[in-house]
Amino acid sequence: MTGIDTTAHDDLIERDDHLDRRGISLVFAEMKGPIKDRLVKFGVGARFGPDHFFPTVNNAVKAYRRTSG
């Protein structure tokens with residue numbers, strides 16, 4: 001993800017709700033600081049807390065493996 005506007009924000013929230021209903025957690029890897037800052041600016045900081053962001057895909061996979069048993 002290289003940018004986000006209000007339409008992308010709405011789509012992201014809709015996608016997260018869709019996945020959540022199926023027991024799937026949406027997380028982000030390698031997201032640049034300015035994009036995370038915009039997410040917070042759009043008010044989704046509570047929805048996507050620090051546990052939803054990983055510095056690399058490898059870190060995200062490792063975290064998934066730890067929590068999924």
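Read-outs throughout are calculated quantities, based only on the coordinates presented, and are distinct from any laboratory measurement. A quick note: this is a predicted structure, and the numbers were derived from the prediction, not measured. Cβ atoms come from the backbone with ideal geometry, glycine included; neighbour counts cover every protein chain shown.
Which order do peptides 18-26, 43-51 fall in by mean Cβ count within 10 Å, highest first?
Details: 18-26: 10.1, 43-51: 11.8.
Ranked from most to least packed, the peptides come out as 43-51, 18-26.
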Around Ile24: net Lys/Arg minus Asp/Glu count, Cβ-Cβ under 15 Å: -1
query: Per-residue HN-Hα couplings for segment 29-46, Karplus 6.51 cos²θ - 1.76 cosθ + 1.60 at θ = phi - 60°, whole Hz, x for Gly and Pro?
result: 10, 6, 6, 6, x, x, 6, 4, 4, 5, 4, 4, 4, 7, x, 10, x, 6
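Between Asn59 and Ile35, what's the calculated FRET efficiency when r is the beta-carbon distance and R0 is 25 Å? Round to 0.05.
On the way: r = 17 Å, r/R0 = 0.69.
The calculated FRET efficiency here is 0.90.
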message: How tilted is helix 6-21 with respect to the longest principal axis of the chain? Cα atoms for both, answer in degrees (0 to 90, nearest 10).
response: 30
Hull-based mean projected area of the chain, where the convex hull spans the alpha carbons, in square nanometres: 4.7
- request: Multiply the residue separation of Asp20 and Thr67 by 0.36 nm, subtract the distance between their alpha-carbon atoms, and state the gained length in nm to one decimal.
  value: 15.3 nm
- prompt: Summing +1 for each Lys or Arg and -1 for each Asp or Glu, what net charge is found among the other residues whose Cβ lies under 15 Å from the Cβ of Lys62?
  reply: 0
statement: The answer for Phe28, listing residues at least 5 apart or on another chain whose modeled amide H is closer than 5 Å to its amide H, is Phe53, Phe54
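Which shape class applies to segment 29-69: rounded if a/c is under 1.5, otherwise prolate when a/b exceeds b/c and oblate if not, where a ≥ b ≥ c are the square roots of the Cα gyration tensor eigenvalues? Please list the in-between numbers first.
Working: a/c = 5.12, a/b = 1.81, b/c = 2.83.
Because a/c hits 1.5 or more and a/b fails to exceed b/c, segment 29-69 counts as oblate.
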message: Which one, Val57, Thr67, Gly45, is farthest towards the positive end of the dipole of the chain when Lys and Arg carry +1 and Asp and Glu -1 on their Cβ?
response: Thr67
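Give the relative contact order (percent, whole number) for the chain; include only Cα pairs under 8 Å separated by 6+ residues. Could the numbers behind the result be given before it?
Numbers: 45 pairs, mean separation 24.2, N = 69.
Relative CO of the chain lands at 35 percent.
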